[in-house]
Amino acid sequence: MKASPSASAERLAAAGTVSPPYAEASPATPRGRLRVYLGATPGSGKTYAMLREGHDRRDLGQDVVIGFVESHGRPRTEAAIAGLEVVPRRSKSYRGRSCEEMDVDAVLARHPQVVLVDELAHTNLPGGRHTRRWQDVEELLGAGIDVITTVNVQAIEGVKDLAETITGVPVRETVPDRIVDAAEEIQFIDISPEALQKRMRHGNIYAPEKVDIALANFFRSGNLAALREIALRLLAQNMGRATGSVQGPPEDVLVLISGRPSSEALIRRGARMARRFGGFCTVLRVAGPSTDVSPEICARCRTVTEELQATWREVEATAPGPAVVAVARELGVEHVVVGEGGPSGLLGRFRKGLVDLLIEELPDVSVHIIAREDSRRRPHPPSGGGAPLSAAQGATPATSRPAGTLRVYVGYARGCGITTTMLEEARRRASRGTDVVVASVSTAGHAEAETSLRGLDVLGGADSPARRGQLDVEALLARHPAVACVDELAMLGTDGQPAAASLGRILEAGIHIVATLHLTDLASTRAALAGRLGTRPEGSPAITDDVLGMATEVELVDCTPSVLLERLRRGEIVPLDEVPAALAGDFRPELLAELRERLFRLIAEHTDRRLVAYMRERSIEVPWEARPRVMTCVPARAGMEWLIRRSAALGRAIDADTQVVTVCERPRTEAETQTLAAYAALAHELGAGFVTIYERDVAAALATYARRSLVTELIVTRGGASGLRRSTLRELIRELAEVDIHVLSSAEG
């Protein structure tokens, strides 16, 4: 059924698209605008969301066509294609069968206002004008056509190696980071691992005969959670750069590669480091008389370097060490990234290697020894791959978990569309025969939410407290549905308490809950932004973050700040006479951007806690880099505050969990004890942990703690009065082959 204009506008706003009026670009801005639907995994709903936006834009008068969409036989996707104009595809015979591709010439000739192009990372058939679909999209944008497209996070070139290491599945089609960075808007389509697996079992993604195989392989709970966390943190970091939260002068990175298969991953790591530090990345290959590398690998490395917007450099030298030192000094880089840890075997413990040379010859440069790619890859458990993730930290243990489950939709500001999303899920569940009741809902002024509410059973009827957003716990327990929808967990119920306070009773009764929550209603958010958020209604306290610990599933509902502001000005969030105050208060653009970034990080944290529990249950000892975990070694000597501050700053730059560790080889003096106490206080002030280990063998103690804590990054200082002995550092490099080791420059101190 054709959507009404008001419903279309609501959905476009929730999707984060450009605001009405939807006119063609002016001659002054001929280039088309790129909008990307980003998902963590296949099946997240990117294509459906893109098609839905296409319908809404068409209903509002835009000229919209489908350039290429692959339905994969999914009924909902095929239904969404119907009604939209499809530009005929180009057919071509390939390996004995007929295949179809987007006909770029036909789209250019048709020249619509908007074209929908699925699967941005797709590789075109040989013989076309472009090798990759993102190149097709670039041409369409250059012709002044707006493009809406989809991509999965593992297809972004800069994080390809992380995805491959975690899933064990090669990623053969990628998109350069610069293409995604240049998008006008990126809309994240979130879905929890549990919800995606349910979607799989319902047959909404693959044919029934493929479901069990998929769930036991790529769609394992751990894979889905890790990819989701990578996507969330990538978006948060990109937003941090856009809003200027990444501070400090730019720091350039030099990456030394050998031209072997591991070189691609090393280039990506160096490029990610340069992006985090706001500097340039140069990839250096030293070719010598004894160099024996594959020309194909070298060619691929040059391609990856170009796609990551790094600079390629190649020099001839008999030994790599002096050449690297010379180039590092010439370029004035702050960081050198290498992938080898020096000579191996017994002699390697005593013979000076490349790392030793770099540390000695480049005292003002930080040297990063990156773990070998194969050391990070471990086979996944042979069974239980599709099992659900463990409860998040703070949740009820699985052995005593209530019969009911809690699913929470979170928005970073009012107007994101969490109520509509909750009600749409209620409608889907009810359509499958589930007994669903809306226990509380607030839809005043929200046309699409009102539309989604129609036909659903509201607790107590149209004139009940539930329709005013108040939860009546006793009435709900007496009604005892299978599923209850609870809108705005911070809203006071009929008992005068926030709805969140009653979740335990409802879950204990065996009722499943689908709820909504505003980020600004959490106590942690209000504390972090004290004085910057508006005052809460009298008698309405902020709710604790424990509510997220209780949740079985948490999903964010994304929306861009520009769309929220447009909705605000139209009077769809607050009455029109309150709009000026809102624009000067909680809807300040810079505050909305900060809240959105904070929500991405919050959901990533929730996912990470459950992922770690999943890994521990399955005895996965090698850390997955969905989230870095940093360990810093600090001696009991005065003047090491700089190292703690630098480590905390590095941890923030890569969105890592940071621990400061000191090893006691002997009883401490009173002065050393006081020094360490001051260091512990500083670490906690900066958001890092502080751990003391009592052990005579420093290298063994650090290696054991690093493995137990799933550490991915180890930060140390150079030898001498303030750092590790050379023998200790060598032993750590040898023992922790799965950990990146960062040797900070003496200039840091």
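Collect the residues in the stretch 501-523 that are within 19 Å of A426 (Cα to Cα) and open to solvent by 20 Å² or more (accessible area, probe 1.4 Å), keeping them in residue-number order.
Of everything in the stretch 501-523, those that are within 19 Å of A426 (Cα to Cα) and open to solvent by 20 Å² or more (accessible area, probe 1.4 Å) turn out to be G510, H512.
For the stretch 396-497, give me every one of the strands (runs of 3 or more DSSP E) that falls completely inside it and has 1 or more residues that are basic (K, R).
Per the criteria, 406-411.
Let's see how each residue does on (1) open to solvent by less than 20 Å² (accessible area, probe 1.4 Å); (2) hydrophobic (A, V, I, L, M, F, W, C); (3) more than 22 Å from L710 (Cβ to Cβ):
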site: M640; (1), (2), (3): yes, yes, yes
site: V660; (1), (2), (3): yes, yes, no
site: P667; (1), (2), (3): no, no, yes
site: Y679; (1), (2), (3): yes, no, yes
site: A683; (1), (2), (3): yes, yes, no
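How about the stretch 216-236: which of its residues are touching a helix residue (DSSP H, G or I) at 6+ places or on another chain (Cβ under 7 Å) and surrounded by fewer than 20 Cβ atoms within 10 Å (Cβ to Cβ)?
F218
Taking only the stretch 79-100 into account, find how many residues are on the phi < 0 side of the Ramachandran plot and either small (G, A, S) or modelled with pLDDT under 90 (or both).
Adding up the residues that qualify gives 12.
Evaluate the stretch 168-188: report whether one residue or more is touching a residue at least 24 places away in the same chain (Cβ under 8 Å), in contact with a Pro (Cβ under 9 Å, 6 or more places away or on another chain) and not acidic (D, E).
Checking the stretch 168-188: at least one residue is touching a residue at least 24 places away in the same chain (Cβ under 8 Å), in contact with a Pro (Cβ under 9 Å, 6 or more places away or on another chain) and not acidic (D, E).
When R536 is evaluated against the numbered criteria (1) surrounded by fewer than 14 Cβ atoms within 10 Å (Cβ to Cβ); (2) part of a helix (DSSP H, G or I), which criterion, by number, is the only one it fails?
Among (1) surrounded by fewer than 14 Cβ atoms within 10 Å (Cβ to Cβ); (2) part of a helix (DSSP H, G or I), R536 violates only (2).
Can you find a residue in the stretch 584-591 that is surrounded by 13 or more Cβ atoms within 10 Å (Cβ to Cβ), closer than 28 Å to G45 by Cβ, of a type outside the set (S, T, N, Q) and touching a residue at least 40 places away in the same chain (Cβ under 8 Å)?
Yes, the conditions are met somewhere in the stretch 584-591.
Do you know which residues across the stretch 552-583 are assigned to a loop (DSSP other than H, G, I, E, B) and open to solvent by 60 Å² or more (accessible area, probe 1.4 Å)?
R570, P575
Inspect all residues belonging to the stretch 651-664 and state whether any of them is over 26 Å from E597 (Cα atoms), in a helix (DSSP H, G or I) and not aromatic (F, W, Y).
The answer is no; no qualifying residue exists.
Return the only residue of L686, L702 being touching a residue at least 60 places away in the same chain (Cβ under 8 Å) and not polar (S, T, N, Q).
L702
Would you mind telling me which numbered condition in (1) at pLDDT below 85; (2) over 25 Å from A551 (Cα atoms); (3) out of contact with any helix residue (DSSP H, G or I) (no Cβ under 8 Å at 6 or more places or on another chain) H202 fails?
(2)
Which condition breaks for R35 when tested against (1) farther than 30 Å from M200 by Cα; (2) touching a strand residue (DSSP E or B) at 6+ places or on another chain (Cβ under 6 Å)?
(1)
Filter the stretch 111-140 for residues that are open to solvent by 70 Å² or more (accessible area, probe 1.4 Å) and at pLDDT 95 or above and give the result.
Answer for the stretch 111-140, where residues must be open to solvent by 70 Å² or more (accessible area, probe 1.4 Å) and at pLDDT 95 or above: just H111.
If a residue has to be basic (K, R) and either under 15 Å from S502 (Cα atoms) or crowded, with 17+ Cβ neighbours inside 10 Å (or both) to count, how many in the stretch 456-490 make the cut?
Final tally of qualifying residues: 1.
Restricting to the stretch 206-238, name every residue that is small (G, A, S) and without any contact (Cβ under 8 Å) to a residue 60 or more places away in the chain.
A214
When the stretch 204-218 is examined, which residues are found to be more than 11 Å from G43 (Cα to Cα) and assigned to a loop (DSSP other than H, G, I, E, B)?
A207, N217, F218
Which of the residues spanning the stretch 101-146 are touching a residue at least 60 places away in the same chain (Cβ under 8 Å) and in a strand (DSSP E or B)?
V114, L116, D146
Those residues that are among the hydrophobic types (A, V, I, L, M, F, W, C) and modelled with pLDDT under 90, I need them from the stretch 497-535; list them, please.
A527, A528, L529, A530, L533
Scan the stretch 18-40 residue by residue and report those that are open to solvent by less than 60 Å² (accessible area, probe 1.4 Å) and modelled with pLDDT of 90 or more.
G32, L34, R35, V36, Y37, L38, G39, A40
Just one of the numbered conditions (1) out of contact with any Leu (no Cβ under 7 Å at 6 or more places or on another chain); (2) open to solvent by less than 20 Å² (accessible area, probe 1.4 Å) is not true of I543; which one?
It is condition (1) that I543 fails.
Tally the residues that are of a type outside the set (S, T, Y) and either closer than 12 Å to V147 by Cβ or open to solvent by 50 Å² or more (accessible area, probe 1.4 Å) (or both), restricting the search to the stretch 97-107.
Summing the residues that are of a type outside the set (S, T, Y) and either closer than 12 Å to V147 by Cβ or open to solvent by 50 Å² or more (accessible area, probe 1.4 Å) (or both) in the stretch 97-107 gives 6.
For the stretch 163-185, give me the residue count where each residue is part of a strand (DSSP E or B) and surrounded by 21 or more Cβ atoms within 10 Å (Cβ to Cβ).
Matching residues across the stretch 163-185 total 1.
Could you tell me which of the residues D118, D63 is more than 28 Å from P170 (Cα to Cα) and of a type in the set (D, E)?
D63
Quick one: what pairs do we get from the stretch 88-99, first residue under 18 Å from F68 (Cα atoms), second at pLDDT 85 or above and open to solvent by 80 Å² or more (accessible area, probe 1.4 Å), C-beta under 7 Å, 6+ apart or different chains?
From the stretch 88-99, the pairs are R89/E100; R90/E100; S91/E100.
Can you pull out every residue in the stretch 46-96 that is buried (at least 16 other Cβ atoms within 10 Å of the Cβ), of a type in the set (D, E, K, R) and over 26 Å from G144 (Cα atoms)?
R74
What are the residues in the stretch 420-446 that are more than 21 Å from I511 (Cα to Cα) and surrounded by fewer than 15 Cβ atoms within 10 Å (Cβ to Cβ), if any?
Within the stretch 420-446, A444, G445 qualify.
Filter the stretch 707-727 down to residues that are over 18 Å from S366 (Cβ atoms) and part of a helix (DSSP H, G or I) and give me whichever is modelled with the lowest pLDDT.
The qualifying residue modelled with the lowest pLDDT is S727.
The values are calculated or read from the model by the stated rules, or taken from the named source; none is laboratory data. Bear in mind that the values here come from a model prediction, so they are computed numbers and not experimental data. Cβ coordinates were reconstructed from backbone atoms using ideal geometry, including for glycine residues, and neighbour counts include every protein chain displayed. For the accessible areas, the whole protein counts, side chains as well, though only heavy atoms, and no ligand, DNA or RNA atoms are used. Shrake-Rupley method; radii C 1.70, N 1.55, O 1.52, S 1.80 Å.
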